[in-house]
Amino acid sequence: MRQTRPIEDFLKPIWKENPTFVQTLGMCPTMAVTNTVINGFSMGLATTFVLVGSAFFVSLFRKAVPGEVRITTSILVIAAFTTLADMFVAALSPTIYKALGAFIALIVANCVLLARMEAFAQKQPVGRSVLDSLGTGVGFTLGLSCVSAVREILGNGSFAGIPLFGPHFQPLLIFMLPPGGFLALGFWLLFLNYLRSRKRIQRVRTRPVLVTRRKVTA
């Protein structure tokens with residue numbers, strides 16, 4: 001298996017292994033808190049904070065933790081940083097804290113975090129683990145923000161609370177309801193799969209054709 005470079009640890013989760021659009025992890029906050037761009041972006045930042053902090057300590061003490069309690073220890077570390085994130089959001093922005101509700105506390109149950117702890121932080125040094133978690137957090141934030149943008153623009157006629165279409169715009173209210181999360185995510189998955197398919201077709205068309213000649217014997 002090819003050894004990846006540190007920069008790849010950061011970039012892969014943003015696009016090639018995006019938690020939302022490729023791995024389809026963390027669907028609970030993706031469906032629940034993406035009714036506005038501000039909410040989606042804030043949830044992404046809080047999750048990134050927990051990811052990076054947890055990866056740092058899990059990787060730092062990975063050799064000192066017995067295998068029998070490895071997962072339990074990771075969950076405890078994640079829970080500690082989730083509590084810190086909950087307190088930070090409550091102190092910095094009570095409005096956002098009220099909008100996100102219990103979903104900040106539920107970051108501890110987000111499968112993205114335990115997946116990265118087990119797949120990467122438990123096996124790699126601190127620097128690379130932090131890069132991987134930072135990239136995963138950026139990718140997750142990007143995914144939430146993209147889904148939020150579609151829902152808020154179509155469902156409310158605004159972007160980050162800024163009106164876009166004037167008072168005569170008729171919003172599609174379904175995008176502000178829970179089913180709107182599935183619709184917005186489906187639109188993005190369809191669009192991204194189309195781009196990937198088109199890229200594969202172009203790569204096949206531009207691939208050089210090897211012409212072999214038969215050896216003619218007298």
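Hey, can you rank 28-34, 167-173, 125-131, 138-144 by average C-beta count inside 10 Å, highest first?
For the peptides 28-34, 167-173, 125-131, 138-144, the packing ranking is 138-144, 28-34, 125-131, 167-173.
In this label model, LYS63 and THR4 are separated by 2.3 nm, measuring between points 7 Å along each Cα→Cβ vector.
Per residue of the chain, the DSSP helices (runs of n ≥ 4 H) give a summed -39500 (n - 2.57) that works out to -20000 deg cm²/dmol at 222 nm. Calculate, for ILE201 and ALA102, the FRET efficiency according to 1/(1 + (r/R0)^6) with r their C-beta to C-beta distance and R0 41 Å; round to the nearest 0.05. Calculated transfer efficiency: 0.35. A Förster distance of 41 Å, applied to the separation of the beta-carbon atoms of ALA90 and PHE169, puts the FRET efficiency at 0.75.
Among 185-192, 60-67, 36-43, what's the highest-first ranking by average C-beta atoms within 10 angstrom per residue? Before the final figure, lay out the partial values.
Details: 185-192: 14.2, 60-67: 11.1, 36-43: 23.4.
Packing order, densest peptide first, comes out as 36-43, 185-192, 60-67.
With the cut-off at under 20 Å, measuring from each backbone N in segment 63-92 to a point 7 Å along the Cα-to-Cβ line of ALA160 picks out 89, 92.
Using a cutoff of 8 angstrom between alpha carbon atoms and counting only pairs six or more residues apart, the relative contact order for segment 28-117 works out to 37 percent.
From the largest down, segment 1-116 spans 44, 30, 21 angstrom on the principal axes of its Cα atoms.
Evaluate segment 97-218: find the radius of gyration of its Cα atoms, find its Kirkwood radius, and give the ratio Rg to Rh.
Working: Rg = 23.1 Å, Rh = 18.9 Å.
In segment 97-218, Rg relative to Rh is 1.22.
Identify all lysines with a Cα-Cα distance to LYS123 below 17 Å; exclude those on the same chain that are fewer than 8 residues away in sequence. Cα-Cα hits under 17 Å: LYS63. Placing one equal scatterer on every Cα of segment 1-54 and applying the Debye formula, the log10 ratio I(q)/I(0) at q = 0.24, 0.28, 0.30, 0.31 Å⁻¹ is -1.07, -1.21, -1.23, -1.23.
Largest first and in whole Å, give the semi-axes of the chain's equivalent ellipsoid, each being the square root of 5 times a Cα gyration tensor eigenvalue.
Semi-axis lengths for the chain are 36, 30, 12 Å.
Given Cα pairs under 8 Å that are at least 6 residues apart, what percent is the relative contact order of the chain? Write down the numbers at each step before the final one.
On the way: 262 pairs, mean separation 69.4, N = 218.
Once divided by the residue count of the chain, the mean separation gives 32 percent.
Each reported figure results from applying straightforward, stated rules to the coordinates on display, with no laboratory input. Everything numeric in this text was worked out from a predicted model, so none of it was measured. Please note: Cβ atoms are built from the backbone with ideal geometry, for glycine as well, and neighbour counts cover all protein chains shown.
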